[in-house]
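The values are calculated or read from the model by the stated rules, or taken from the named source; none is laboratory data. Please read these numbers as outputs of a predicted model, since none were measured by experiment. Heads up, the Cβs are rebuilt from the backbone with ideal geometry, glycines too, and the neighbour counts pull from every protein chain shown. Accessible surface areas use protein heavy atoms only, side chains included; no ligands, DNA or RNA. Shrake-Rupley method; radii C 1.70, N 1.55, O 1.52, S 1.80 Å.
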Amino acid sequence: MQWRDYLLLATVFALARPLPFRALQRLGRRLGLVCWTVAPFRRGVVLANLRAAFGAQLDEPAIRALGRESFAQLGTTLLEFCGYWRLSPERIRGLVEVEGREHIEAALHRGGGALLVSGHFGNWELLGAWLATQGRAVKFLVKTQSNERVDRLQNDVRRRAGVGIIRAGPSVKDVVRTLRGGGLVGLLGDQDAGAGGVFVDFLGRPASVFRGTASLAWRLRCPIVTGFLVRRPDGGFRATIGAPLRIDPAWDEETAIRAITELHTQRLEAMVRSHPDHYFWVHRRWKTRPPEETA
C-alpha cells in the first residue's frame, strides 16, 4: 500500500516536472474535476461538511457544485506543489500579491520571531515559499507521514523552496530556537486535536483545536500572525496577512489559550466563508465532539 501511494505521487511529480507552472494549474484543475467524477475519494465527507456549514444558505445543487469546485482547487494545488520548487524567487514574488505585508514587519520588529498560523486553505505551501523569498527564516511545523517515502518527497520539495522543516512532536526545542532567532514558524491551525483540544466555534459547530499554538505564544510572549492565499483568475495569488495577535499581560494561560485560539480560528472562518471552494473539505474537521455532546 505504501509503495503504491509513493509510486503514484512520484509519477505525478515526474510527469509534472517539465511543464510550465501555468500549464500545471490548468492540468491540475482538470485532474480535480475528473477525480470528483470517477474517483469518489471522501466525496460523502465533502458533501456532509458543506451541508453542515452552508446548508442553511445553499440548496443541494449548489452544495454539489461547490464540492466539485473544491476538488478542482485541490487538483490545482497538488500540481502547483509539484512545480513551485522550480520557480525562481523573482517568479514567486511576481506570482504573489501581498496585502498586509506590514504586519509581518510589525510582528518581528523587536528582533524576536513569530508564529504564522494558516489553515488547509488555498495553496498554503506557497505562502511559506513566498516568505522565504523575502529573506525570512521560515520553517514549517509538520507531522511525520506514516509513509516514509512520501514524507521525504514532500519535505524535499519544501526545502528546495527555501522552507525549513520542524517535526511536530512532544519537544518544542526547535520551535523555540527558531523563534528566539527571529524566524517564522508556520503551522496549520485547523487540524482536529482530539478530546484534549480546546473547543471553539468554526462555521457554526464546535471544533477541537490544538492548544499548543496559543500556549506557546503565551509562554514565549511571541506574536501570532495569520496568513492565507487566494488564487486569482489570472493564475496568480493574493496573500492576506492579518495584524499580529498579541498576548494580554493580564491573561493567565487558560484565558490566553481560549482567546488566541478563537481569534485565529475566526480569521480562518472568514476566509472560508468568502472563498469556500478553497477549503480542504475532505478532512473530517468536526470528527471529535465536545464532552457535552458525547455525554
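General remarks:
- Yes/no for L131 being in contact with a strand residue (DSSP E or B) (Cβ under 7 Å, 6 or more places away or on another chain) and under 23 Å from L263 (Cα atoms): yes
- Test: L126 is surrounded by fewer than 18 Cβ atoms within 10 Å (Cβ to Cβ), aliphatic (A, V, I, L, M) and over 17 Å from G183 (Cα atoms): no
- Counting only helices (runs of 4 or more DSSP H) that sit completely within the stretch 187-295, those holding 1 or more residues that are surrounded by 20 or more Cβ atoms within 10 Å (Cβ to Cβ) and touching a Phe, Trp or Tyr at 6+ places or on another chain (Cβ under 9 Å) correspond to 212-220, 253-274.
- Qualifying residues in the stretch 132-168 (those that are of a type in the set (A, V, I, L, M, F, W, C), in a loop (DSSP other than H, G, I, E, B) and open to solvent by 20 Å² or more (accessible area, probe 1.4 Å)) - the one farthest from A107 (Cα to Cα): A168
- Taking the stretch 93-122 as the range and being touching a Ser or Thr at 6+ places or on another chain (Cβ under 7 Å) and either free of Cβ contacts under 8 Å to residues at least 24 places away in the same chain or surrounded by fewer than 22 Cβ atoms within 10 Å (Cβ to Cβ) (or both) as the test, the residues that pass are R93, E99, G100.
- Among residues of the stretch 55-68, those that are open to solvent by 50 Å² or more (accessible area, probe 1.4 Å) and part of a helix (DSSP H, G or I), counted: 5
- Hits in the stretch 216-255 - residues which are in contact with a helix residue (DSSP H, G or I) (Cβ under 8 Å, 6 or more places away or on another chain), among the aliphatic types (A, V, I, L, M) and over 21 Å from V272 (Cβ atoms): L216, A217, L220, I247
- Unique match (being within 29 Å of R136 (Cα to Cα) and of a type in the set (D, E)) among E90, E60: E90
- Criterion: modelled with pLDDT of 95 or more and under 28 Å from S146 (Cα atoms) - qualifying residue of A168, A207, A195: A207
- Test: residue in the stretch 77-86 that is modelled with pLDDT under 95, over 30 Å from D174 (Cβ atoms), surrounded by 15 or more Cβ atoms within 10 Å (Cβ to Cβ) and in contact with a Leu (Cβ under 7 Å, 6 or more places away or on another chain): yes
- Test: residue in the stretch 115-122 that is among the β-branched types (V, I, T) and assigned to a helix (DSSP H, G or I): no
- Among the residues of the stretch 229-243, none qualifies, meaning not one is farther than 30 Å from R29 by Cα and hydroxyl-bearing (S, T, Y).
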